[in-house]
Amino acid sequence: MAKVDSILEEIKGLSLLEASELVKKMEETFGVSAAAAAPAAAAGGGAAAG
């Protein structure tokens, strides 16, 4: 977990522009889209609350 915590601390220190660039690079590298996860998370959260 130390590695994950270290990465999280690095991300916390990013500017918004740097965070945006990181997201784009991760999407390109792993062939995923951050936008695809957002509706699923919102739907799951709404179901749990209701």
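The values are calculated or read from the model by the stated rules, or taken from the named source; none is laboratory data. Please read these numbers as outputs of a predicted model, since none were measured by experiment. Cβ coordinates were reconstructed from backbone atoms using ideal geometry, including for glycine residues, and neighbour counts include every protein chain displayed.
Taking the conditions (1) at pLDDT 65 or above; (2) surrounded by 10 or more Cβ atoms within 10 Å (Cβ to Cβ) in turn, G45 satisfies each one other than (1).
Note on region 1-16: residues that are of a type in the set (G, A, S) and either outside any helix (DSSP H, G or I) or under 18 Å from A34 (Cα atoms) (or both) amount to 2.
Taking A19, is it of a type outside the set (K, R), in a helix (DSSP H, G or I), surrounded by 10 or more Cβ atoms within 10 Å (Cβ to Cβ) and at pLDDT below 95? Considered against the rule, which asks whether it is of a type outside the set (K, R), in a helix (DSSP H, G or I), surrounded by 10 or more Cβ atoms within 10 Å (Cβ to Cβ) and at pLDDT below 95, A19 comes out as no.
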